[in-house]
1. Please state which of the following conditions residue 138 fails to meet, knowing it meets all the rest: (1) surrounded by fewer than 24 Cβ atoms within 10 Å (Cβ to Cβ); (2) touching a helix residue (DSSP H, G or I) at 6+ places or on another chain (Cβ under 8 Å); (3) within 29 Å of residue 372 (Cβ to Cβ); (4) touching a residue at least 40 places away in the same chain (Cβ under 8 Å).
2. Does residue 195 meet the test of being without any contact (Cβ under 8 Å) to a residue 24 or more places away in the chain, in contact with a helix residue (DSSP H, G or I) (Cβ under 7 Å, 6 or more places away or on another chain), surrounded by 14 or more Cβ atoms within 10 Å (Cβ to Cβ) and at negative phi?
3. Which condition number does residue 355 fail, the rest of (1) assigned to a helix (DSSP H, G or I); (2) surrounded by fewer than 18 Cβ atoms within 10 Å (Cβ to Cβ) being met?
4. In the set 54, 114, which member is buried (at least 24 other Cβ atoms within 10 Å of the Cβ), farther than 30 Å from residue 3 by Cβ, touching a residue at least 24 places away in the same chain (Cβ under 8 Å) and in contact with a helix residue (DSSP H, G or I) (Cβ under 9 Å, 6 or more places away or on another chain)?
5. Of 294, 276, which residue is surrounded by fewer than 18 Cβ atoms within 10 Å (Cβ to Cβ), assigned to a helix (DSSP H, G or I) and touching a helix residue (DSSP H, G or I) at 6+ places or on another chain (Cβ under 9 Å)?
6. Filter region 145-186 down to residues that are more than 17 Å from residue 117 (Cβ to Cβ) and assigned to a loop (DSSP other than H, G, I, E, B) and give me whichever is modelled with the highest pLDDT.
7. Spot the failing condition for residue 139; the list is (1) farther than 30 Å from residue 282 by Cβ; (2) at pLDDT below 85; (3) under 18 Å from the mean Cα position of the chain (by Cα), and only one is missed.
8. Out of everything in region 25-49 that is free of Cβ contacts under 8 Å to residues at least 40 places away in the same chain and in contact with a helix residue (DSSP H, G or I) (Cβ under 8 Å, 6 or more places away or on another chain), what residue ends up being surrounded by the most Cβ atoms within 10 Å (Cβ to Cβ)?
């Protein structure tokens, strides 16, 4: 029987809801990539135009810092109030703040509002990744993670297509793109009525409530029951096996976030600058560059999911990291003309965007249900507290080194950390999702039964 026929209606609905949430996340994220240069042309004085890459770095850094903040908070909330409810709150938050960012009056207000958008975006991902991993079967979980992450690529394509249509409408075109970003709030109504809460979370939450009730009644708790009464953040560091997995996953995520935000985010701006020098429309060609990169990234997301289920998490993930490392100088230093540049951008997008799918595929399989939301949010979003300086450094290097190529090549070296750390991570392909209260418990024990 084909793998997709083994899934029930609720499992598909959960995937659709999570995919839509991440789709509009991808729309909001890519909107800033596409428009930051044009927005700053309106928000800065003409005397500051030469420093636009530096200010773009500030705006992107603010977005990443907000993403880190909201992401960690959202993961913790998802472990306490549920996956579904947290997803709804996050979608409302980033939809409304995106609309507000269209009202920016200078670069300071723009940076502040994009920080708030980042808070909402960061809060949504962990809930979707958690609920899909908890409701999809072992044999198809990699595919589910890839299909979930595909939403970001579709959102990026959607943003690129809309920008392709409105980018030449005048200096306020970027504001219209952000106003369109209010529409995702409408899907909250569908989510509220059509998807269930994760049964695994409900079970873990019931155990947590029972442990708290025992503690309040004066019982002396030990082992897992004692851990369930602690903050999930503290819980992450009390079990040695969890702690080592946390450190490894954090470093892998730091590798891709630092490199991506310092390299791939400048693709539309770079293509636009090359197009302008060749006498073409910068807004149009930047939109095409973004569209090709994002479109290829959609296939990258899905491909990584299928590769991970077929060949294992380690080899699939390492391939994508190493390809991103090699292709960075190819795009920024080697491509000899605009046509070849666009082809290279598409191939680069397949790997550098597709690599993000490792997170919803592999991360949920490393941590038990009681702390899954907190753990994967910490790993996926925590590195942004460091990597937010990636676009800041990249923007400064572009100005100081006189071009995109040298700066991107230097920042792109961070892609190398990922495959090195992956060698030491556990292979989880085809294994049951850790629902055990202790990771070291055998899968056949009553506590760890799925």
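1. Here residue 138 clears every test but (2).
2. Values: without any contact (Cβ under 8 Å) to a residue 24 or more places away in the chain: no; in contact with a helix residue (DSSP H, G or I) (Cβ under 7 Å, 6 or more places away or on another chain): yes; surrounded by 14 or more Cβ atoms within 10 Å (Cβ to Cβ): yes; at negative phi: yes.
Against the criterion (without any contact (Cβ under 8 Å) to a residue 24 or more places away in the chain, in contact with a helix residue (DSSP H, G or I) (Cβ under 7 Å, 6 or more places away or on another chain), surrounded by 14 or more Cβ atoms within 10 Å (Cβ to Cβ) and at negative phi), residue 195 does not qualify.
3. Only one criterion is unmet by residue 355, namely (2).
4. On the way: 54 fails: buried (at least 24 other Cβ atoms within 10 Å of the Cβ).
So the residue among 54, 114 that is buried (at least 24 other Cβ atoms within 10 Å of the Cβ), farther than 30 Å from residue 3 by Cβ, touching a residue at least 24 places away in the same chain (Cβ under 8 Å) and in contact with a helix residue (DSSP H, G or I) (Cβ under 9 Å, 6 or more places away or on another chain) is 114.
5. Details: 294 fails: surrounded by fewer than 18 Cβ atoms within 10 Å (Cβ to Cβ).
On inspection, the qualifying residue turns out to be 276.
6. Per the stated criteria, the residue is 172.
7. (3)
8. 48
The values are calculated or read from the model by the stated rules, or taken from the named source; none is laboratory data. What you see is a predicted model; the values in this text were computed from it and never measured. When we count neighbours, we look across all protein chains shown, and the Cβ atoms used for this are built from the backbone with ideal geometry, even at glycine.
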